[in-house]
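**Student:** Pasting in a structure now, in structure tokens, and then I'll have a few things to ask.
The values are calculated or read from the model by the stated rules, or taken from the named source; none is laboratory data. Predicted, not measured: the structure shown is a model, and the values here were computed from it. Backbone-built Cβ (ideal geometry, glycine too); neighbour counts: all protein chains shown. We work out accessible area using only protein heavy atoms, side chains counted, and drop any ligands, DNA or RNA first. Shrake-Rupley method; radii C 1.70, N 1.55, O 1.52, S 1.80 Å.
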Amino acid sequence: MSALADRIARCVVDQYAKLPKRGKPAAKGTGPVKQEWTVLAGFVVENTQTQALTCVALGTGLKCQHRQQLSAFGDSVHDSHAEIIARRALV
């Protein structure tokens, strides 16, 4: 990755690390560590004068609802992929 890409990724991961543990993946099991995981996506803005990066939105997730679970009223989130959740947070 490029240096900028590394800085952007670090910015998003650092912001995620600041969030409370509630709802985050955790280590489980005995013996060899079995780790839960999730997908993380974020939006970052750069101050072009200082090159400072700020994570302005992030989201986690990796699933969609099945067609049978869709609401006819549009009152539920259908796509819970990290990119979609992060975009919803941004707008």
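**Student:** Just want the answer: with Cβ charges of +1 for Lys and Arg and -1 for Asp and Glu, which residue in 53, 25, 91 is farthest toward the dipole's positive end in the chain?
**Tutor:** My answer, from the dipole projection, is 25.
**Student:** At a probe size of 1.4 Å, how large is the accessible area of residue 84, to the nearest 10 Å²?
**Tutor:** Surface accessible to solvent at residue 84 totals approximately 60 Å².
**Student:** At what distance in nm do the modelled label points of residue 49 and residue 80 sit from each other, each positioned 7 Å from its Cα along Cα→Cβ?
**Tutor:** 4.2
**Student:** Can you give the calculated 222 nm mean residue ellipticity of the chain, where each DSSP H run of n ≥ 4 adds -39,500 (n - 2.57) and the sum is split over every residue, rounded to the nearest 500 deg cm²/dmol? Kindly include the intermediate steps, with their values, before the conclusion.
**Tutor:** On the way: 2 runs with 25 residues, N = 91.
After summing the helix terms and dividing by residue count, I get -8500 deg cm²/dmol.
**Student:** Right, something else. Which semi-axis lengths, in whole Å and largest first, follow from the square roots of five times the eigenvalues of the Cα gyration tensor of region 36-80? Write down the numbers at each step before the final one.
**Tutor:** Details: eigenvalues 221, 38, 6 Å².
Working from the Cα gyration tensor, I get semi-axes of 33, 14, 5 Å.
**Student:** While we're on this one: Give a residue-ordered list of calculated ³J(HN,Hα) values for region 6-15 (Karplus: 6.51 cos²θ - 1.76 cosθ + 1.60, θ = phi - 60°; whole Hz; x for Gly, Pro).
**Tutor:** Calculated HN-Hα couplings, in order: 4, 5, 5, 4, 4, 4, 5, 5, 4, 5 Hz.
**Student:** A further question follows. May I ask you to rank 18, 24, 63 by accessible area, largest first, using a 1.4 Å probe over the protein chains only?
**Tutor:** Details: 18 150, 24 45, 63 130 Å².
Output order, biggest surface exposure first: 18, 63, 24.
**Student:** How much of the calculated P(r) for the chain lies past 23 Å, in percent of all Cα pairs? It would help to have the intermediate numbers written out before the result.
**Tutor:** Details: 1629 of 4095 pairs.
For the chain, the share of Cα pairs beyond 23 Å comes to 40 percent.
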